[in-house]
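Please treat every number below as a calculation from the coordinates, not as lab data. From a predicted model like this one, the values you see are computed outputs, not experimental measurements. Positions of Cβ are backbone-derived with ideal geometry, glycine not excepted, and every protein chain shown enters the neighbour counts.
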Amino acid sequence: MAKSSFQVARLPGFSTVALLAFLALYVPILTLVVYSFNSETTMGNWGEFSWKWYERAWDNQAVKDATLRSLIIASFAAVFSTALATMAALGTTRRRSFKGQTFIYVMINQPLMVPEIVTAVALMILFGLIKTITGVHGLGYLILAHTAFCIPFAYLPIRARLEGMDLTLETAAADLYASPWATFRRVTLPILMPGVIAGLMLAFVVSLDDVVITEFVKSAGQDTLPTYMLGQMRRQLTPEINAISTGLLVITVVLLTAFFLLTRKKD
């Protein structure tokens with residue numbers, strides 16, 4: 001008699017627990033989206049459906065400046081962190097195992113294991129010293145901070161893609177006297193590209209949504225959209241914040257959906 005396999009979904013109460021988990025996750029988000037269309041200023045009262053808060057956010061010059069700054073930082077951080085993560089992934093997968101490989105892997109993924117506020121304080125102290133010594137200020141410090149924090153997020157999908165790649169084509173290219181650079185450019189990189197794009201998008205989303213590191217590293221007048229929203233919430237909470245949050249939510253969902261489609265494996 002064949003033994004039936006154990007399935008968590010068949011346990012008593014599984015559906016109820018799953019439903020409660022989904023409600024806890026998505027009811028707050030749904031409430032945020034719904035109230036972003038509320039015409040009333042007080043979020044406890046529902047007036048009528050309105051685009052007023054989206055229009056007000058669109059006409060707010062401070063929101064525009066913070067959004068542009070966030071996109072610039074996230075774009076540069078995503079590109080730089082993905083380039084570094086690609087080199088790190090190639091260096092840790094396309095070679096034989098070596099002593100200290102696990103240590104290198106741990107160091108690359110250090111921002112994922114250390115509390116973010118520790119990384120933020122460390123970067124604040126380091127950049128503070130550099131500013132004092134050099135007298136150089138600017139947005140570059142935020143870009144460097146976001147790049148350092150985003151490297152492991154870009155590294156993981158790229159490494160996963162590399163580990164799933166067959167070496168046959170690269171070996172064939174080498175047998176045909178292709179140089180290592182030509183093999184990488186014409187064989188490895190095209191096959192690796194879905195992982196690179198996935199890592200780029202994931203790093204972009206992480207940088208775009210970051211608050212803690214930005215709050216510690218930024219100088220006056222360098223608010224990103226999340227830190228601008230945090231500042232506004234400390235003064236007065238209005239549905240305009242709901243509208244901005246909904247816009248960020250849409251961007252994040254679109255990018256994460258694309259990330260899922262790029263990284264899922266075909267049967």
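Rounded to two decimals, what is the ratio between the C-alpha radius of gyration of region 154-255 and 2.2 N^0.38 Å?
Dividing the Cα Rg of region 154-255 by 2.2 N^0.38 Å gives 1.64.
Using unit Cβ charges (K, R positive; D, E negative) and no other charged atoms, how large, in debye to the nearest 20, is the dipole of the chain about its Cα centre?
It works out to roughly 860 debye.
Cut-off under 16 Å on the C-alpha distance; same-chain residues fewer than 8 positions from Lys52 excluded. Which aspartates and glutamates are left, in chain and number order?
Glu40, Glu240
Can you list the HN-Hα couplings for region 172-185, worked out from phi with the Karplus curve (6.51, -1.76, 1.60; θ = phi - 60°), rounded to whole Hz and with x for Gly and Pro?
Couplings: 5, 5, 5, 5, 8, 6, 6, 6, x, 5, 5, 4, 5, 6 Hz.
As a check on your grasp of the helix formula, calculate [θ] at 222 nm for the chain: sum -39500 (n - 2.57) over DSSP H runs of n ≥ 4, divide by the residue count, round to the nearest 500.
The helix contribution divided over the chain gives -23500 deg cm²/dmol.
Can you sort His137, His146 so the residue with the fewest Cβ neighbours within 10 Å comes first?
Ascending number of Cβ neighbours within 10 Å: His137, His146.
Over region 35-124, what per residue volume does the convex hull of the Cα atoms give, in whole Å³?
Each residue corresponds to 182 Å³ of Cα convex hull volume.
Which of the chymotrypsin sites (Phe, Trp or Tyr not before Pro) across region 106-195 are loop residues per DSSP, with 16 or fewer other Cβ within 10 Å?
Here the sparse-neighbourhood loop sites are Tyr177.
Rounded to whole Hz and in sequence order, give me ³J(HN,Hα) for region 129-134 from the Karplus expression 6.51 cos²θ - 1.76 cosθ + 1.60, θ = phi - 60°, writing x for Gly and Pro.
Running phi through 6.51 cos²θ - 1.76 cosθ + 1.60 with θ = phi - 60° gives 5, 5, 4, 5, 6, 8 Hz.
log₁₀ I(q)/I(0) of the chain at q = 0.10 Å⁻¹, via Debye over equal Cα point scatterers, no solvent, to two decimals?
-0.70
Report the semi-axes of the equivalent ellipsoid for region 40-84 in whole Å, largest first, where each axis is √(5λ) for an eigenvalue λ of the Cα gyration tensor.
In descending order, the three semi-axes are 35, 12, 8 Å.
How do Ile104, Ile244 rank when sorted from fewest to most other Cβ atoms within 10 Å of their own Cβ?
In increasing order of surrounding Cβ atoms, one gets Ile104, Ile244.
Of the GluC sites (Glu not before Pro) in region 37-76, which ones lie in a loop per DSSP and count no more than 10 other C-beta atoms within 10 Å?
Within region 37-76, the qualifying GluC sites (Glu not before Pro) (loop, at most 10 other Cβ atoms within 10 Å) are Glu48.
With a cap of 13 neighbouring Cβ atoms within 10 Å, and only residues DSSP puts in a loop, list the chymotrypsin sites (Phe, Trp or Tyr not before Pro) found in region 53-110.
Phe98
Label region 55-189 by shape, choosing from rounded, prolate and oblate, from the square roots a ≥ b ≥ c of the eigenvalues of the Cα gyration tensor; if a/c is under 1.5 it is rounded, and otherwise prolate applies when a/b is larger than b/c, oblate when it is not.
Verdict is prolate for region 55-189.
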